[in-house]
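The values are calculated or read from the model by the stated rules, or taken from the named source; none is laboratory data. This is a predicted model, so every value here is computed, not measured. Cβ: placed from backbone, ideal geometry, glycine included. Neighbour counts: every protein chain shown.
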Amino acid sequence: MKQDLRYWQARLFKEAHGHTHVDANYSVRIAHGGRRERFQLGTAVAKARAIYLALVANGWGQTLAKFKTAKAPVKVDVTIGEFLPSSERSMAAKPEPWKATPAPCV
């Protein structure tokens, strides 16, 4: 049954991000051996089946290495001096709130 493309076609979804954006490409969630992962597929139903078959045959380690792209590690111990310039690049709004001119001393 899980080798049939129709099985996987029924399990594809497009990830929603908020109320306004839905991914153009499909994803699938696959659970095996007590673990569950989401794989981005593009538009290929056959890729979902291939991932599952690789998982059953080879386990999570080889399957993740073959089908998932590596993400850059997230740095969690940043200083405020490192955080602000980084957040300025990702903000749509102007960064002035934390760059206010100090009040003059009277």
Pairing a residue in segment 1-20 that is surrounded by 10 or more Cβ atoms within 10 Å (Cβ to Cβ) with any residue that is in a loop (DSSP other than H, G, I, E, B), where Cβ atoms lie under 7 Å and the two sit 6 or more apart in sequence or on different chains, gives Tyr7/Met1; Lys14/Asp23; Glu15/Asp23
- Query: So is Ala54 surrounded by fewer than 11 Cβ atoms within 10 Å (Cβ to Cβ), among the aliphatic types (A, V, I, L, M) and without any contact (Cβ under 8 Å) to a residue 24 or more places away in the chain or not?
  - Reply: no
Of the residues in segment 27-53, those that are within 20 Å of Lys71 (Cβ to Cβ), modelled with pLDDT of 80 or more and not charged (D, E, K, R) come to Ser27, Val28, Ile30, Phe39, Gln40, Ile51
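Conditions (1) within 17 Å of the chain's Cα centre (by Cα); (2) basic (Lys, Arg), marked per residue:
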position: Arg6; (1), (2): no, yes
position: Arg11; (1), (2): no, yes
position: His21; (1), (2): yes, no
position: Gly34; (1), (2): no, no
position: Phe39; (1), (2): yes, no
position: Gly42; (1), (2): yes, no
position: Ala46; (1), (2): no, no
Residues of segment 21-37 being outside any strand (DSSP E or B) and surrounded by 10 or more Cβ atoms within 10 Å (Cβ to Cβ), in sequence order, are Asp23, Asn25
